[in-house]
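Taken together, the values in this text are just the output of simple stated rules run on the coordinates, not laboratory data. Every value quoted in this text rests on a predicted model; they were computed, and no experiment measured them. Cβ sites come from the backbone with ideal geometry, for glycine too, and all protein chains shown count toward neighbours.
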Amino acid sequence: MKTPAANPAEPAASDPLAQLRAQVATHFDGVPPGQRDVHTAIPYLSFIRLSQPTALNRGMLEPSMCLVVQGRKKILIGNSVSHYGVGAYVLSAIDLPVSGQIVEASAELPYYGVRIELDPREIAALIIELDIAAPPKRTSRVGAYVDESDSELQQAFLRLVALLKTPRDIPAMSRILKQEIMYRLIAAKNGDVLYHTVLAHYQEKGVNDAIRWIKENYAQPMSIEQLAKQVRMSVSTLHHRFKAATVMSPLQYQKQTRLLEARRMLMTGSMEAATVGYRVGYESPSQFSREYRRLFGASPLQDVEFLKQHIVET
């Protein structure tokens, strides 16, 4: 008896990435071409689509991981540049300013990403509950990195996305599947970075308190001496440990946070550049414009005009 030929439009059952790609694509059916994100019934899960390459764009990478299922991307974390594509993912365990760029995407073959939000508290609870032994700390890298997914992680993502077809199962199964994904991220090649960053999140309470204070008060004048006193650290210790965690000093972190927020405000089109500058903490419009240009490569007005004409993604 002759075996029927496989339908080339259907992904092979043995290729979880192809199946993921096909399922993600269906979630963009009927979605306007310019819409980048699709949120799902699973609160921590979303999909990303871009139909053209982007310029190198700066943004704040929140605790999350994003698996590429089609296209290619470049990301700059500190002074480290990583190029990655299908099957690879970028993960961040802390809020970190980075630069990202889609380098391969088209209307016919868009860039597709599957993104989940991460919470260091959930990961820490999992480590404690399962009594996961600390993997050897192989590098001194910060808490954001690129890694390759293995078949087990891909299958876990495939089951998570398939869960959207049975909404009644989401409340019970989404938590279990997220725990499996977190476990496999810790067990991955670069999982030591995630594990030790999560531990540092609690052991280095002063650094995390400093990061949180800057994010909540970025528009306020900041004294490193006062900040160090507030988080109960010496100035030198705060500076050293803060830079080890974020690849930048507290002042640099504040400056990038201010300018990223200014860019977001400018994109709304409701305020002039000088007003935005004052809102994010600059006393001089010329200083705001100068530092904005230094970070983004163009004046506020030129940059926003460019962004409105091009799709950008971190």
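Express the Stokes-Einstein translational diffusion coefficient of the range 185-314 in µm² s⁻¹, to the nearest whole number, given a Kirkwood radius over alpha-carbon pairs, 37 °C and a viscosity of 0.692 mPa s.
On the way: Rh = 16.4 Å.
Here the translational diffusion coefficient equals 200 µm²/s.
With the crude spin-label approximation of a point 7 Å out along Cα→Cβ, what separation in nm comes out for GLU129 versus SER249?
According to this spin-label approximation, the distance is 4.3 nm.
Using a cut-off of under 19 Å, list every residue of the range 233-248 whose amide N is near the label point 7 Å from the Cα of ARG294 along the Cα-to-beta-carbon line.
It comes to 243, 247-248, nothing else.
Need one number: nm distance between label points at LEU76 and GLU148, each 7 Å from Cα along Cα→Cβ, rounded to one decimal.
2.7 nm
With a ≥ b ≥ c the root eigenvalues of the C-alpha gyration tensor of the range 200-242, is it rounded (a/c under 1.5), prolate (a/b larger than b/c) or oblate? Show your work: numbers first, answer last.
Working: a/c = 2.18, a/b = 1.27, b/c = 1.71.
Oblate, since a/c reaches 1.5 and b/c is not below a/b.
Counting only C-alpha contacts under 8 Å and six or more residues apart, can you give the relative contact order of the chain as a whole percent? Write down the numbers at each step before the final one.
Numbers: 478 pairs, mean separation 55.5, N = 314.
The value is 18 percent.
So if each residue of separation counts as 0.36 nm, and I subtract the Cα-Cα distance between HIS240 and LEU301, what length gain in nm does that give?
Working: separation 61, 0.36 × 61 = 21.96 nm, distance 3.59 nm.
Extra length available between HIS240 and LEU301 comes to 18.4 nm.
Just to be sure I understand: with springs between alpha-carbon atoms less than 10 Å apart, which residue in GLN101, GLN179, GLN230 has the highest mean-square fluctuation in the Gaussian network model of the chain?
Highest fluctuation among the options: GLN230.
Can you check what the net charge comes to around SER46, using other residues whose Cβ is under 9 Å from the Cβ of SER46 (Lys, Arg +1; Asp, Glu -1)? Provide the component values of the computation, followed by the final result.
Details: positive: ARG115; negative: ASP37, GLU117.
Taking every other residue near SER46 into account, the sum is -1.
Could you give the longest part of the chain that holds none of the GluC sites (Glu not before Pro) found in DSSP loops with at most 14 neighbouring Cβ atoms within 10 Å?
Values: sites that count: GLU108, GLU272, GLU283.
Result, exposed sites excluded: 109-271.
Among SER284, SER99, SER46, which one moves the most in a GNM of the chain with springs linking Cα atoms closer than 10 Å?
Sorting by GNM fluctuation, first place goes to SER284.
Could you pull the Rg and Dmax for the range 89-164, using just the Cα atoms, both in Å?
Spelled out, the Cα radius of gyration and Dmax of the range 89-164 are 15.6, 46 Å.
I need the calculated FRET efficiency for the pair ARG138 and SER270, taking r as the beta carbon distance and R₀ as 41 Å, to the nearest 0.05.
Values: r = 48 Å, r/R0 = 1.16.
It comes out at approximately 0.30.
With the calculation restricted to Cα positions, what are the radius of gyration and Dmax of the range 169-237 in angstrom?
For the range 169-237, the Cα radius of gyration and maximum Cα-Cα distance read 17.5, 52 Å.
What does the charge count around VAL90 come to, taking other residues whose C-beta lies under 11 Å from its C-beta (Lys +1, Arg +1, Asp -1, Glu -1)?
+2
As a test of understanding, state the convex hull volume per residue of the range 40-173 from its alpha carbons, in Å³.
Numbers: hull volume 17.0 nm³, N = 134.
Dividing the Cα hull volume of the range 40-173 by its residues yields 127 Å³.
Restricting attention to the range 149-224, which trypsin sites (Lys or Arg not before Pro) occupy a DSSP loop and are surrounded by at most 16 other Cβ atoms within 10 Å?
Numbers: sites: ARG159, LYS165, ARG168, ARG175, LYS178, ARG184, LYS189, LYS205, ARG212, LYS215; in loops: LYS189.
When the trypsin sites (Lys or Arg not before Pro) of the range 149-224 are filtered for loop state and at most 16 Cβ neighbours within 10 Å, LYS189 remain.
Expected output is a single nm value to one decimal: the length gained when fully extending between TYR278 and MET60, i.e. 0.36 nm times separation in residues minus the C-alpha distance. What is it? Walk me through the numbers before you get to the answer.
Values: separation 218, 0.36 × 218 = 78.48 nm, distance 2.08 nm.
Gain on stretching TYR278 to MET60: 76.4 nm.
Spin-label point model (7 Å from Cα, Cβ direction): what's the THR40 to ALA107 distance in nm?
Result for the modelled spin labels: 2.8 nm.
Computed over the Cα atoms of the chain, what is the ratio Rg over Rh, Rh following Kirkwood?
1.00
Which of the aspartates and glutamates could be linked to LYS165 by a straight reach, that is with a Cα gap under 16 Å, when you skip same-chain ones fewer than 8 residues away?
By straight Cα distance, LYS165 reaches ASP29.
What Kirkwood Rh does the range 143-206 have if only Cα atoms enter the pairwise 1/r average? Answer in Å. List each step's numbers first, then the result.
Details: mean 1/r = 0.0760 Å⁻¹.
Value: 13.2 Å, from the Cα pair sum.
HN-Hα J couplings of the range 239-252 from phi, Karplus 6.51/-1.76/1.60, θ = phi - 60°, integer Hz, Gly and Pro as x?
4, 5, 6, 5, 5, 5, 7, 10, 6, 7, 7, x, 5, 5
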